[in-house]
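First up is the structure itself, then whatever we jot down about it.
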Amino acid sequence: MWEYTDKVKDHFINPRNVGEIENPDAEAMTGSIVCGDALKLTLKINKDTEVIEDAKFQTFGCASAIASSSILTEMIKGKTLTEAANITNKDIAMELGGLPDEKMHCSVMGMETLELAINNYRGIVTEEHEEDEGAIICKCYGVTDTKIKRVIRENKLQTVEEVTFYTKAGGGCGACLPQLEDILNEELAERQRIADNAPMTTVQKIKRIEDILDTVINPMLKMDGGSCKLIDLQGNKVVIEFKGACSGCGASKNTLKGFVEPKLQELVDKNLEVVSA
C-alpha cells in the first residue's frame with residue numbers, strides 16, 4: 001500500500017478546479033483511458049498580459065493523477081505563461097509534499113499537458129506531444145525513446161524501475177525492459193563521462209549536442225514559439241541558429257547565454273562556448 005501525504009489525500013478527496021472552461025483560450029489532453037491515465041486541461045488567459053486567469057481539469061486515473069492535476073491548476077493560476085512553463089514535474093510532486101516513486105508518472109503527465117496547452121496557445125500546433133516524435137519503445141503505453149531520455153535527464157534517474165515509475169514504460173508486458181536498460185545505461189555512461197570530464201570525438205559531440213537540443217532545449221524554447229538548431233562545431237565553440245520567435249528577439253542573447261549555453265555545458269561538455277550564427 002502506498003503512503004500518501006495529507007495534501008495528496010486532500011486534493012484527491014476535495015479536488016480543486018474540476019471541470020472544463022467554456023470556450024477556453026488554451027486546452028490540451030494527454031494520456032489515454034485505455035492506458036489507465038488521461039488528463040484534459042483548459043485555460044483562460046488574459047491576452048494582454050498572458051496571465052492564466054483560470055484553469056480547470058478533467059482526469060481519468062488514480063488518486064495521484066487527480067491530486068497532481070488539482071494542485072497543478074492551483075499552481076498556475078495567476079502566473080504568466082512563461083512562469084507556468086517553468087513548472088516541472090518535480091515542482092508538482094514537491095507541492096503535494098511528495099509522491100510515491102511508483103506514481104511519479106502522474107506529475108510528469110501534468111507537466112506535459114501544461115506544456116502542450118501553452119504550445120497550442122502559442123500557435124505551435126502538433127497532433128501529439130513533442131516527445132511523441134521519437135521511436136516507440138514501450139508499445140503498451142506508447143512511450144518514445146525521446147521522452148524516456150528526457151525524463152531520465154531531468155530527474156536524474158538511476159534504475160530501470162525508476163524509469164517505469166516516471167514514464168510507465170515497461171509497466172505492461174515488459175517486453176521493452178531490455179531496451180529501457182540500454183537507454184538508461186547510455187545515459188548513465190554519458191552522465192559519468194561528463195562528471196569525469198572525459199573527452200568525446202567530434203562526431204560524438206555533434207550527436208550529443210543535437211540530441212540535447214531536440215530533447216531538452218527546444219521543448220522549452222517552443223513554449224515561446226521559438227527553437228534553435230546546430231549550425232557548426234568549431235572545437236569547443238558551438239554555433240547555433242535561432243528559429244521562429246527566437247530569431248531576432250531582443251532577449252535572444254540572454255536565452256543563448258542564460259539557458260542554451262549552461263544546458264549544453266551541463267549535459268555535454270563544461271568547456272563549450274555557444275554563439276549565434
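The values are calculated or read from the model by the stated rules, or taken from the named source; none is laboratory data. This structure is a prediction, so every number in the text was calculated from the model and none was measured. Positions of Cβ are backbone-derived with ideal geometry, glycine not excepted, and every protein chain shown enters the neighbour counts. Please note that ligands, DNA and RNA were not included when accessible areas were found on the heavy atoms of the full protein model with its side chains. Shrake-Rupley method; radii C 1.70, N 1.55, O 1.52, S 1.80 Å.
Output the residue which, of all residues in segment 41-57 that are in contact (Cβ under 8 Å) with a residue 24 or more places away in the chain and of a type in the set (D, E, K, R), is farthest from THR80 (Cα to Cα). Across segment 41-57, the extreme among qualifying residues is LYS56. Looking across segment 22-36, the residues that are at pLDDT below 75 and among the aliphatic types (A, V, I, L, M) come down to ILE33, VAL34.
Which of the following residues is crowded, with 21+ Cβ neighbours inside 10 Å, aliphatic (A, V, I, L, M) and over 17 Å from MET223 (Cα atoms): LEU72, LEU81? Break it down stepwise before answering.
Numbers: LEU81 fails: over 17 Å from MET223 (Cα atoms).
Of the residues listed, the single one that is crowded, with 21+ Cβ neighbours inside 10 Å, aliphatic (A, V, I, L, M) and over 17 Å from MET223 (Cα atoms) is LEU72.
Of the numbered conditions (1) on the phi > 0 side of the Ramachandran plot; (2) open to solvent by less than 10 Å² (accessible area, probe 1.4 Å), ALA67 fails exactly one; give the number of that condition. It fails just one condition, (1). Being touching a Ser or Thr at 6+ places or on another chain (Cβ under 9 Å) and not acidic (Asp, Glu), is that true of even one residue in segment 191-210? Looking through segment 191-210, none of the residues is touching a Ser or Thr at 6+ places or on another chain (Cβ under 9 Å) and not acidic (Asp, Glu). Examine segment 256-264 for a residue that is open to solvent by 20 Å² or more (accessible area, probe 1.4 Å) and in contact (Cβ under 8 Å) with a residue 40 or more places away in the chain, and state whether such a residue exists. The answer is yes, given that some residue of segment 256-264 is open to solvent by 20 Å² or more (accessible area, probe 1.4 Å) and in contact (Cβ under 8 Å) with a residue 40 or more places away in the chain. Condition check: within 22 Å of the chain's Cα centre (by Cα), within 16 Å of THR167 (Cα to Cα) and open to solvent by 40 Å² or more (accessible area, probe 1.4 Å). Does ASP101 satisfy that? For ASP101, the condition - within 22 Å of the chain's Cα centre (by Cα), within 16 Å of THR167 (Cα to Cα) and open to solvent by 40 Å² or more (accessible area, probe 1.4 Å) - is met.
Selection of segment 218-245 for residues being open to solvent by less than 20 Å² (accessible area, probe 1.4 Å) and modelled with pLDDT under 90 yields ASN218, PRO219, LEU221, MET223, GLY226.
Confirm whether ALA67 is small (Gly, Ala, Ser) and in contact with a His (Cβ under 7 Å, 6 or more places away or on another chain). It is true that ALA67 is small (Gly, Ala, Ser) and in contact with a His (Cβ under 7 Å, 6 or more places away or on another chain). Taking segment 221-277 as the region of interest, the strands (runs of 3 or more DSSP E) fully inside it that hold 2 or more residues being under 23 Å from the mean Cα position of the chain (by Cα) are 226-234, 237-244.
Here is the figure for segment 168-192: residues that are over 17 Å from ARG208 (Cα atoms), buried (at least 19 other Cβ atoms within 10 Å of the Cβ), modelled with pLDDT of 90 or more and of a type outside the set (Gly, Ala, Ser) total 2.
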